[in-house]
Each structure stands twice: as structure tokens, then as C-alpha cells.
Amino acid sequence: MSPTRGEGARPRPRSGAQNRRVTPSRSTPRAGTPRASTPGSTRAATAGSPRTSARRTTTTSRQAAPRAAAPARRTPARRPPAARPPAPAREPGNPERRQRWLIVAAAIVLALFVGRLVQVQVVQGPALAAAAQADRLTTSVTLAHRGDIVDANGTVLATSVDRYTVVADQVAIQGFRGNGRVDTEGEPVEDGALGIAQLLGPVLGKSKAELGAQLNGDRRYVVLAKDVVPEVQRAIADLRLQAYVRTDLTSRRTYPAGTVAGTLVGFVNDEQKGAGGIEAAYDDALAGTDGKLVFERGRDGVMIPTAASEAVEAVPGDDVVLTIDADVQWKAEDLLDQAVRDTGAQYGMAIVSDVRTGELLALADSGDVDPNDRSTAKVAEGSRAVKDVFEPGSTGKVVSVAAALEEGYWKPTDRFEVPYRFTTPNGQTFKDSHEHPVQRLTLAGVLAHSSNTGTVQMGEKIPVQVRYDYLRKFGFGERTGLGLPGESAGLLPSEDTLRHDARTPYTILFGQGLAVSALQATQVFSTVANGGVRLTPTLFAGTRSADGAFTPAPREDGVRVVSQETADTLLRMLEAVTGEEGTGTTAQVPGYRVAGKTGTAQLFESGGTRYMASFIGVAPADDPRFTVAVFLKDPKSSIYGGVVAGPVFSDLMAYALQKAGVPPSEPAAEDEQIPLEW
């Protein structure tokens, strides 16, 4: 048995083939790459390494000793792997071709950059430039100064003052840096919202914590304060925080006269637009036109000095000049408030009108209504003198007598037997306010005693259509043209109702069965005092521009209702009402002749019957200058106009005449007096 290699046998010498040097071919694996083993190569490697062979033999003998009893396991021979085909020979590199490819790639990249550059600079350039400019552009609106409302003497009833709204940019504030600044207490100013709060808090009167909470966030527009006065605005500007906090100019409407003409002047809303009264009626004249400044600003929010800008100057509104006399208005309101207290009335109204022009010197309501106080809705209610309607009562008899005189149905001296109760041919019964025996009165006496039964007898001779036509001629059933918001046209029965209803054709003769406003009722007397010509009442004298030029309001031509002769006759008949035998003696004005009419109208409301007591009159009766009307709703001391409204009329008319310097009247001649009885 031949000795094994593990037992010290000398290795066999390598054959000549084995000792030949093998030249590596292109298929020889690179260094570090394991080569596929073959049986021959394995043996050669083993035979050529005695140390390795001896180590492996020793290890084998050591491991095999304990397992000598076990039969030897035959290891199946491994199939040699298939030989790989030799790799084809690689051609040598071509530097010129690589350079050409690099040049092409670079040209493509450069073309892309140039194309993009052309697209940005040439194709999209104008649009991008415009967009960038738009981002920088900002528009600042310059509010137009709202015109003042002044009375006939220049007393300011409404004006506007400059105020500011403080606005913060929470996003910009995040980038604020104190940069060594100190606050009013000498403490270093922190960065961000707390730093702004340190500087701004003392100016706005807010704590650092409170203001800091308002400044934190991601909104670009946060209102910090409103109605800031100019002194505070200047203090904010001195802080140099324009990039973070700005002050927007606003306006605040104030009413220096307070409650004087409060329901008449009206009010403005939060946008400074007229929302009631004169403010709304003449908003177009008062408002003006806002201006604007379009400019470019930098990231700090400050205008870029060298950039283009466009400015449109604001056009201030015109001042509105009223016909109202603030002194007469105040006197009327004061007298009404006193009358309401004295009589227990629900409210009162008073009107003072210039007979010659239709201009109103006063349009007053009782009660304190201050447009500066917006805690209540009183200022939004408007004037009752134009919006509330009621039956005119006995003041409506003037229209009936005017129709009778103008159409020639009756003369002032025509005689009537006037009972307390009278029944018409169609069975309708009417009565006077006081029970009395049969009276022998002239038509002037019927008017002076305010007899309902005498008026019905007079009206029987007047066709129903004529009665209706004269109500229309004196302005009932339509707005007066004053132009105040909320004015009522009143209520007038239809012609069909007058033709078919048995009672209404008679009730309208003494002021029942229809409804009018206080101003409509007043206009009847102004028309008679103006020689029978009805003028459109007005509160608007004209406008005054910022340079002081006054433009008077246009005036409409009057409309003749009755002739001058009828108006003069009716005025003399009305003068008897305030005489010793009339119902309006309390309305007399010392030194002046007064013509007028008392009124007591029923108001059927929920809860029962109410009354509207009134007196409307003209003075001086011989040369009319003013019409004054006084109305008291539901007085408790007396329901009769001559008792409760007459004294107020007397005081108010006296004040207006004396303030205007109207000379006293001459006593009436005897031939001017019309007999009341026969």
C-alpha cells in the first residue's frame, strides 16, 4: 500500500507541463476575482504546498480518530463546471469620439439654458415684470372730507373730524428685531410681537400682554384700535414701525348742536354714508369723491422714492346749508318738551314755516334725540312731523270752507241755524263737541265756533267730487316734496268710496275719514296765507363749496289753489277764531294779528281712542310772514287744541316774529271784521 500524503510521503515532482509558466490571457480573471476551480488545479495547488498538506493531514487524522468505528461516507464526485467562453477582445478607445459627444451634450444643455433665458426675458418678460410691479404696487385711498351741515346762520349742526384706524401685519411682525432699542421704561426691546407691544402699548393704552396677544398670528390685517385722534397717530408715527403697524385715515361724524334738530339732521353709518334725515337726503352733495395714491413700496412697506406713482386728489364734499334756524328750532323743542310735561301728552310736534318762500325754520319733535348717541335707535326713527299721520280734525274744515268760497256756493255772511245734533237726508247723524241750543251763525261763525253740524250743512251744497278735488289741490294724499326719508303721503279715501259710502263724504268736510302728516296740515294754512298759492316746503337753502362759493337750491313755481280774493277772505274768517268769540283765544300773540284754527282729532288705536290736539295759525294776519303749527298727541289735561296747543303756538310764534324783526300789526279796521252771528 502506498503511503499517503498525510504520512510524510514526499510530494511528487511536478511534471514539465506543471512547471511551465502560464501566460494569462484576456480571459484570466482580474485580481481579487475568484477563479473557477478545476480538479487538476486543486491537486496541483495541494502538491505544491507541503506545509498545507501536512496541516490538512494532521487535522484529518485528529478528526478521524474518534470516528474510526464508523464506516467511511463516500462523497459523490462534483461535476466540473462548464468552461466559460473566452471574452471577445476589446477595441482600443477613441478620444476624439468622446470629445464630440461631450461637445454635443454641452451644446444641448447650453441651448436649454438659452431657450429658458429667452422665454423668461423675451416671451414672459413683460408679464413677469408686470407681476413683480403689481406685487410692489399698493393703493392708498384718500378719504374725501364730508361736508358740514349748517343752519341758515352758519351754525354747524354736523361736521367731520379726522380719526385713524391702527392696523397691524402679524406676518411682518414676526421679522421685527429690537436691535438695541429700549422702551419707555428703559428696558431692552425684544424681537417679534412682544417688542412691538413694548413700544406700542403705552401709546394705545394697552398692556404688553394684551397687545402682544393681538400681534401674534399669521394674518396680514388686524385692527388694533379705531377712532384714534391725530395726537396718538403722530405718536405712533414717531415709533418708526411703518413696516409692521400702520395708521389708516378715517373720519368721524360729530354733531356739535347735540339734541337740537337731532331727528332732523339724521346720522351716518360706519362707512360714513348718510343713513337718515338730512345726512341721507343730501348724501350726494355731502359725500365728495375719494382720492387715491398708487405707488410702489419696498419690503419694509415704505414708498420707493424713485419709483413711479399716480395720485388723484380727493374732492371734498359741499356743505349743505339748511333753511332751519337753530335758535328757533331749539325754542320749538324746548316748548314742546315743557308742554308734554305739563299736559301729560305722549309726544309733541311743531313746525315753523316762512309763508313767502316755503322755507322751514323749524321742524321739531319733543324728546331728546342726540345723533352723537348711537346706543339707542331713536335717531333712526326720523321726524314724526313727516312720517306719522292722523286725522286733521277741525283744521280740515279750512279746505271745505275754501272750496265753498272759491266755487261760489257760499259767502262768509251766509246764515245757518246750527243745532247740537244734525241728521242728513241719507240718515247720517252728526253732533258738535259741546252740547248747545240752536245757534244762529254765519259761515264765518260756523268756522270760528268750529261747528261740525254747521260744516255738514254747508257741505251738502258742495258736490262730492268737488270736495275730493280740493283735498287733492291742497296736497292731501301725496308727499309734500320736502325730500326727507320716511315721509308719508297720508291717506285719502278713494273716489269710489266717496260715491258709494253714506258717511265718508260728510266726515271729510270736518277732517275725519282721511289722514295727513303734520307738515301736510300746516301747508293748508301756508297756502291760504300766501294768497292761495301752494309752495313746495323745503329745508334745503343750497350748497357751499370748499372755496366758499354758495349755490342756491332751485325753487319750483307755486301752484295756485284758490284765488287771492278767496285767500284774503278766508284769512279774515280765520282771524275771528282767535278773537274773543272764537275757540283759539289762547293762541293770541300780543301786538300781532293772528289767524288760525284749533283742531281735535280722534285716533282709533289699540287700547282705545286717543286724540290729537292742535293749533295752526298765521301771523301777522294783515301781512303774513310765518305759519306755526303745534300738535300734541293724547294730552291728559285736556283734549282740545285751543286749550293745550294754543299757548305753545303763542310763545313760539312770538319768538319767531321777534327774532326776525317783524314789526307789530296795525289794528283791524271795522269793515274788515265779519259778523259771526245773525
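The values are calculated or read from the model by the stated rules, or taken from the named source; none is laboratory data. Predicted, not measured: the structure shown is a model, and the values here were computed from it. In this analysis, Cβ positions are derived from the backbone assuming ideal geometry, glycine residues included, and neighbour counts consider all displayed protein chains.
The number of residues in the stretch 577-609 that are among the charged types (D, E, K, R), surrounded by fewer than 24 Cβ atoms within 10 Å (Cβ to Cβ) and under 24 Å from V389 (Cα atoms) comes to 1. Restricting A257, A197, A225, A237 to those that are assigned to a helix (DSSP H, G or I) and either surrounded by fewer than 19 Cβ atoms within 10 Å (Cβ to Cβ) or touching a Phe, Trp or Tyr at 6+ places or on another chain (Cβ under 9 Å) (or both) reduces the list to A237.
Conditions (1) in contact with a helix residue (DSSP H, G or I) (Cβ under 6 Å, 6 or more places away or on another chain); (2) at negative phi, marked per residue:
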residue: F416; (1), (2): yes, yes
residue: K431; (1), (2): no, yes
residue: G445; (1), (2): no, yes
residue: T455; (1), (2): yes, yes
residue: E460; (1), (2): no, yes
residue: A489; (1), (2): no, yes
residue: G511; (1), (2): yes, no
residue: A521; (1), (2): yes, yes
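Could we say that R440 is in a helix (DSSP H, G or I), out of contact with any Ser or Thr (no Cβ under 6 Å at 6 or more places or on another chain) and touching a residue at least 12 places away in the same chain (Cβ under 8 Å) here? No: the conditions fail for R440.
Results for (1) over 22 Å from A362 (Cβ atoms); (2) assigned by TED's automatic domain parsing to the domain that holds Y470; (3) within 34 Å of the chain's Cα centre (by Cα); (4) surrounded by fewer than 18 Cβ atoms within 10 Å (Cβ to Cβ), shown as yes or no for each residue.
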position	(1), (2), (3), (4)
F525	no, yes, no, no
R534	no, yes, no, no
G542	no, yes, yes, yes
A546	yes, yes, yes, yes
Q564	yes, yes, no, yes
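Take the residues of the stretch 371-386 that are of a type in the set (K, R) and surrounded by 17 or more Cβ atoms within 10 Å (Cβ to Cβ): which is farthest from A529 (Cα to Cα)? Restricting to residues being of a type in the set (K, R) and surrounded by 17 or more Cβ atoms within 10 Å (Cβ to Cβ), the top hit is K378.
Check whether at least one residue in the stretch 326-341 is part of a loop (DSSP other than H, G, I, E, B), in the same structural domain as F390 (by TED's automatic domain parsing) and at pLDDT 95 or above, and report yes or no. No; the residues of the stretch 326-341 include none that is part of a loop (DSSP other than H, G, I, E, B), in the same structural domain as F390 (by TED's automatic domain parsing) and at pLDDT 95 or above. Whether any residue in the stretch 390-401 is assigned by TED's automatic domain parsing to the domain that holds A656 and assigned to a loop (DSSP other than H, G, I, E, B) is what I want to check. The answer is yes, given that some residue of the stretch 390-401 is assigned by TED's automatic domain parsing to the domain that holds A656 and assigned to a loop (DSSP other than H, G, I, E, B). Right, D248: surrounded by 15 or more Cβ atoms within 10 Å (Cβ to Cβ), outside the structural domain of L360 (by TED's automatic domain parsing) and part of a strand (DSSP E or B) or not? The answer is yes for D248. Considering (1) surrounded by fewer than 24 Cβ atoms within 10 Å (Cβ to Cβ); (2) within 23 Å of A502 (Cβ to Cβ); (3) of a type outside the set (V, I, T); (4) free of Cβ contacts under 8 Å to residues at least 60 places away in the same chain, the lone condition that G427 does not fulfil carries the number (4). Within the stretch 644-678, the set of residues being under 42 Å from the mean Cα position of the chain (by Cα) and not in a helix (DSSP H, G or I) comprises A645 only.
For the stretch 472-481, the criterion of being of a type outside the set (F, W, Y), closer than 24 Å to L570 by Cα, in a helix (DSSP H, G or I) and modelled with pLDDT of 95 or more is met by at least one residue. Of the residues that make up the stretch 620-627, is at least one free of Cβ contacts under 8 Å to residues at least 40 places away in the same chain, under 18 Å from P590 (Cα atoms) and part of a loop (DSSP other than H, G, I, E, B)? Checked against the condition, which is being free of Cβ contacts under 8 Å to residues at least 40 places away in the same chain, under 18 Å from P590 (Cα atoms) and part of a loop (DSSP other than H, G, I, E, B), the stretch 620-627 yields no hits at all. Does the stretch 299-318 contain at least one residue that is surrounded by 15 or more Cβ atoms within 10 Å (Cβ to Cβ), within 19 Å of R374 (Cβ to Cβ) and modelled with pLDDT under 95? No, because not a single residue in the stretch 299-318 is surrounded by 15 or more Cβ atoms within 10 Å (Cβ to Cβ), within 19 Å of R374 (Cβ to Cβ) and modelled with pLDDT under 95. Within the stretch 184-201, is even one residue among the hydrophobic types (A, V, I, L, M, F, W, C) and either under 21 Å from K292 (Cβ atoms) or within 31 Å of the chain's Cα centre (by Cα) (or both)? Checked the stretch 184-201: at least one residue is among the hydrophobic types (A, V, I, L, M, F, W, C) and either under 21 Å from K292 (Cβ atoms) or within 31 Å of the chain's Cα centre (by Cα) (or both).
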